[in-house]
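Novice: Can you read through this structure? Questions will come right after.
The values are calculated or read from the model by the stated rules, or taken from the named source; none is laboratory data. These numbers were taken from a predicted model, which means no experiment stands behind them. For neighbour counting, all protein chains shown are included, and Cβ atoms are generated from backbone atoms with ideal geometry for every residue, glycine included. Side chains included, ligands, DNA and RNA excluded: accessible areas come from the protein's heavy atoms. Shrake-Rupley method; radii C 1.70, N 1.55, O 1.52, S 1.80 Å.
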Amino acid sequence: MVKVRETATTPKRISVERYAEIANKSGDPLTKQEYEAAAQADNCWEHQVEKWGENVFGADLWKYFQEIGWCDDGQWITATPKADAWGSVHWPGWTYNGRDTIQKSYGVGWNIWEVASQGHFCYLDVDQVGCAQSQDPRIFQQAQGGGGIYWE
């Protein structure tokens with residue numbers, strides 16, 4: 001039996017350089033125009049959500065993360081938001097089998113930006129039989145102009 005837990009950071013105001021780091025890490029580096037838009041924004045933000053599975057003894061089995069960065073003028077998203085998601089395993093027998101494509105909606109010109117991804121973990125992955133147990137944590141984040149956040 002796996003108990004799934006979750007936590008999130010508080011949205012943190014960041015520099016344009018940190019925003020560019022998030023974009024690079026996501027594999028979607030800022031274009032010159034995106035960098036200029038971020039530099040002209042009133043604020044840039046980052047937020048990270050973590051979900052993890054624990055066994056009955058409270059030991060971590062796996063962890064799944066999603067991190068986003070966005071810039072705004074206090075109300076509207078003004079620079080292309082960036083997102084990355086990744087997983088790690090912490091118990092023998094568990095494997096991280098990647099994630100679904102990060103789904104995004106809204107963004108520049110809107111007062112929100114929504115992003116969701118789902119990771120895939122497998123315990124005792126046996127060829128042609130499947131997993132003895134699997135976990136597919138999903139993370140949803142809604143970045144808001146002015147630095148607000150909603151997540152689940």
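Novice: What value, in deg cm²/dmol to 500, does the helix sum -39500 (n - 2.57) over DSSP H runs of n ≥ 4 give at 222 nm once divided by the residues of the chain?
Specialist: Here the helix-only value at 222 nm equals -3500 deg cm²/dmol.
Novice: Where does each of 8-14, 77-83 land if you order them by average Cβ count within 10 Å, highest first?
Specialist: 77-83, 8-14
Novice: Related question: In region 1-118, carbon and sulfur make up what percent of the accessible area (probe 1.4 Å)?
Specialist: 49 percent
Novice: Measuring from the lowest to the highest alpha carbon on each principal axis, how far does region 1-85 reach, largest first, in angstroms?
Specialist: Principal axes ranked by extent give 50, 25, 16 Å for the Cα atoms.
Novice: Additional query: Report Rg (one decimal) and Dmax (nearest whole number) for region 98-140, counting Cα atoms only, units Å.
Specialist: 15.3, 48
Novice: Keeping every protein chain present and rolling a 1.4 Å probe, give me the accessible area per residue for the chain in Å².
Specialist: Per-residue value: 52 Å².
Novice: Name the residue farthest towards the positive end of the dipole of the chain from the options F57, G98, T80, assuming +1 on Cβ of Lys and Arg, -1 on Cβ of Asp and Glu, about the Cα centre.
Specialist: Final value for the positive-end residue is F57.
Novice: Taking just the alpha carbons, could you work out the radius of gyration and Dmax for region 32-149, both in angstroms?
Specialist: Here Rg and the maximum Cα pair distance are 17.5, 54 Å.
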